[in-house]
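Novice: There's a structure below that I have some questions on.
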Amino acid sequence: PTATSPCKILKCNSEFWAATSGSHHLGTEEAPEFCTALRAYAHCTRRTARTCRGDLAYHSAVHGIDDLMVQHNCSKDGPTSQPRLRTLPPGDSQERSDSPEICHYEKSFHKHSAAPNYTHCGLFGDPHLRTFTDTFQTCKVQGAWPLIDNNYLNVQVTNTPVLPGSTATATSKLTIIFKSFQECVDQKVYQAEMDELPAAFADGSKNGGDKHGANSLKITEKVSGQHIEIQAKYIGTTIVVRQVGRYLTFAVRMPEEVVNAVEDRDSQGLYLCLRGCPLNQQIDFQTIRSAQATEGRARRKGPSLPAPPEAFTYETATAKCREKLPVEDLYFQSCVFDLLTTGDVNFMLAAYYAFEDVKMLHSNKDKLHLYERTRDLAPGNMAPSESTPALWVALLCLSQCWLCL
């Protein structure tokens, strides 16, 4: 897949932002200049319409232009040059620190009740999904899929094949739309692609816009081109996006109340973080892993599995993953799976960072590690569970009775 998208909506957004920074402070005599910039913005979106079909940021921009045209009484006909308007005065919304109480989730939503219950969702690697209910899945989900879709934000990922002809996919594009919310934030779009992890929203800003509570939404660059963090305090949400190797990872911490804030309950099952991947998109992780392990121990008994470019064996993949993931949980197993299917050592780092994000974002520290059930163990290695002593006693009694007969 190409590293850059032919859709140029980010360029259109940036040009409009550069032309209109501070325009909400302009007097009526300068309103025509805003309309001129707005028409130029519309013209730019029309030029890239064909290549942006299906792009969330593009459709968000088109609807936003229409709204602004109406609000400012702008004619669709007229000049489209882009004069540079004056910038924001010092200390304005980009630097403002005060916010109304409604823009701080814990203060406003739970002033007289218990602290909110936070949940976590993450997507990484080939790709592996940890849902808000701590279900762990490995999925195909090639193409564009919704991760989150509620009253406050939308998150969509695009997954592309890692190798030509391979069923292994990874996240190559991510779009996050924060919806306009009361006096806190304007609608903001964040978009990342392979080799392009911006430290700003699509319009060039780093906070929630020009409303009084704009700083309740902030984007921070942790590592240039590799790691950004978005804090949306008005909905109690933290989002972490990383680029590891060529591909992206996503992790979020969100209150249950926000997770379940949807107007159409019937559409709730359409997004992955809540319901997981559809059955026909899930990969039988355990069966494939077992086959890979068997293949590594007994190649002479049958034909080999297709070998990726680096040709990791089960043993070398296991050893490599132990360097960063000493606990053999599902993050470790996903690391082994990805090395065997892609041969790309960056997938080991993706699993490592995904678990680091879980440690930072998950509210229940007892649920950081996820494990497979004991049914996947060989019979000779299966120890009796503490929860089944009665079963063992019953089996012992039955065996004694059989001997008596």
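The values are calculated or read from the model by the stated rules, or taken from the named source; none is laboratory data. This one's a predicted model, so the numbers in the text were calculated from it and none came from an experiment. FYI the Cβ positions are ideal-geometry reconstructions off the backbone, even for glycines, and counts take in every protein chain you see. Side chains are part of the model used for accessible areas, which takes the heavy atoms of the whole protein and leaves out ligands, DNA and RNA. Shrake-Rupley method; radii C 1.70, N 1.55, O 1.52, S 1.80 Å.
Novice: With the requirement that a residue be open to solvent by 10 Å² or more (accessible area, probe 1.4 Å) and outside any helix (DSSP H, G or I), what does the stretch 332-357 give you?
Specialist: Asp344, Val345
Novice: How many residues are of a type in the set (Gly, Ala, Ser) and in contact with a Leu (Cβ under 9 Å, 6 or more places away or on another chain) if we restrict to the stretch 117-155?
Specialist: Selection size over the stretch 117-155: 2.
Novice: Another question about this same structure. Might you let me know whether the stretch 303-317 holds any residue that is open to solvent by 80 Å² or more (accessible area, probe 1.4 Å), at pLDDT 70 or above, not β-branched (Val, Ile, Thr) and not assigned by the TED database to the domain that holds Val157?
Specialist: Yes, the stretch 303-317 contains at least one residue that is open to solvent by 80 Å² or more (accessible area, probe 1.4 Å), at pLDDT 70 or above, not β-branched (Val, Ile, Thr) and not assigned by the TED database to the domain that holds Val157.
Novice: Residues of the stretch 358-374 being in a loop (DSSP other than H, G, I, E, B) and under 24 Å from Glu229 (Cβ atoms), which ones?
Specialist: His362, Ser363, Asn364, Leu368, His369, Leu370
Novice: Further question: Identify the single condition in (1) farther than 30 Å from Gln142 by Cα; (2) open to solvent by 80 Å² or more (accessible area, probe 1.4 Å); (3) part of a helix (DSSP H, G or I); (4) at pLDDT 75 or above that Glu29 does not satisfy, given that it satisfies every other one.
Specialist: (4) is the only condition that Glu29 fails.
Novice: Which of the residues that make up the stretch 246-264 are open to solvent by 30 Å² or more (accessible area, probe 1.4 Å) and either under 21 Å from Phe181 (Cα atoms) or modelled with pLDDT of 95 or more (or both)?
Specialist: Passing the criteria: Arg253, Glu256, Glu257, Asn260, Glu263, Asp264.
Novice: While we're here: How many of the residues in the stretch 240-259 are assigned to a loop (DSSP other than H, G, I, E, B) and of a type in the set (D, E, K, R)?
Specialist: Residues of the stretch 240-259 that are assigned to a loop (DSSP other than H, G, I, E, B), as a first pass: 245-246.
Restricting the remaining residues to those that are of a type in the set (D, E, K, R) gives 246.
Final tally of qualifying residues: 1.
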